[in-house]
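**Student:** For reference, the structure I am asking about is given below.
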Amino acid sequence: MRYVNQGKSWSNKRILSFIHKQQKSFREVGYCRWVVEDQNKNNFVGFCGIGVFEPVGFLEIGWWIEEKLWGKGFATEAARCALEHAFKEIRIPHLKSVVHPENKASLTVIRKIGFLQKQNGFLGDYQRSPKNIPIITYSLDNPYLIPLHQNSSTHANHSCTFLNCPMIIR
């Protein structure tokens, strides 16, 4: 997780706080960062889901995958499942994602799931520290909420069949 928290590990206290925040978010608004596990090996893979990008408050899709498991498709599959849940089940109208420009794996995932690059900038542009870290902001509108006058053939086709996923998302 080189590009999250400047690659620094979280304390146990911060991890517990994060977990409690995710549980509360799911209870109150129906989304959070889910735990992702490898269903075949029954081990922890990382986190993926929807969260609020603080302090500016937009909804962001994100994933944090154990480095030893990068490149095995977990981030893409989990992101597709989270995106489907957000757009079809909760009916979130719009999502963003903030990616470090050197994070090639996340750049690949965000493009695979259909997001479009909107702007280049710095973390400080969103009132976050350290302010000088470069970022790229991607966004995607919910294709299932298109206005009635548009052609329905423009709907995206995201699928997640949990029985066939190589992971458990909870």
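**Student:** Within the range 100-125, work out how many residues are touching a residue at least 60 places away in the same chain (Cβ under 8 Å) and surrounded by 18 or more Cβ atoms within 10 Å (Cβ to Cβ).
**Tutor:** Number of matching residues: 1.
**Student:** If the Cβ limit is 7 Å and pairs must be 6+ apart or interchain, which residue in the range 18-44 that is in contact (Cβ under 8 Å) with a residue 24 or more places away in the chain pairs with which residue that is surrounded by fewer than 16 Cβ atoms within 10 Å (Cβ to Cβ) and aliphatic (A, V, I, L, M)?
**Tutor:** Gly30/Ile90; Tyr31/Ile90; Glu37/Ile168; Gln39/Ile168
**Student:** Follow-up. Residues of the range 39-71 being β-branched (Val, Ile, Thr), at pLDDT below 95 and open to solvent by less than 40 Å² (accessible area, probe 1.4 Å), which ones?
**Tutor:** Answer for the range 39-71, where residues must be β-branched (Val, Ile, Thr), at pLDDT below 95 and open to solvent by less than 40 Å² (accessible area, probe 1.4 Å): Val45, Ile65.
**Student:** Looking for something modelled with pLDDT of 85 or more and open to solvent by 50 Å² or more (accessible area, probe 1.4 Å) - is there at least one such residue anywhere in the range 1-10?
**Tutor:** Taking every residue of the range 1-10 in turn, none turns out to be modelled with pLDDT of 85 or more and open to solvent by 50 Å² or more (accessible area, probe 1.4 Å).
**Student:** Residue by residue through the range 35-71, note down the ones that are outside any strand (DSSP E or B) and polar (S, T, N, Q).
**Tutor:** Answer for the range 35-71, where residues must be outside any strand (DSSP E or B) and polar (S, T, N, Q): Gln39, Asn40, Asn42.
**Student:** What number goes with the only condition from (1) under 11 Å from the mean Cα position of the chain (by Cα); (2) open to solvent by less than 30 Å² (accessible area, probe 1.4 Å) that Phe74 does not pass?
**Tutor:** (1)
The values are calculated or read from the model by the stated rules, or taken from the named source; none is laboratory data. Everything numeric here is computed off the predicted structure, so don't read it as measured data. FYI the Cβ positions are ideal-geometry reconstructions off the backbone, even for glycines, and counts take in every protein chain you see. Surface accessibility is based on the protein's heavy atoms, side chains included, excluding ligands, DNA and RNA. Shrake-Rupley method; radii C 1.70, N 1.55, O 1.52, S 1.80 Å.
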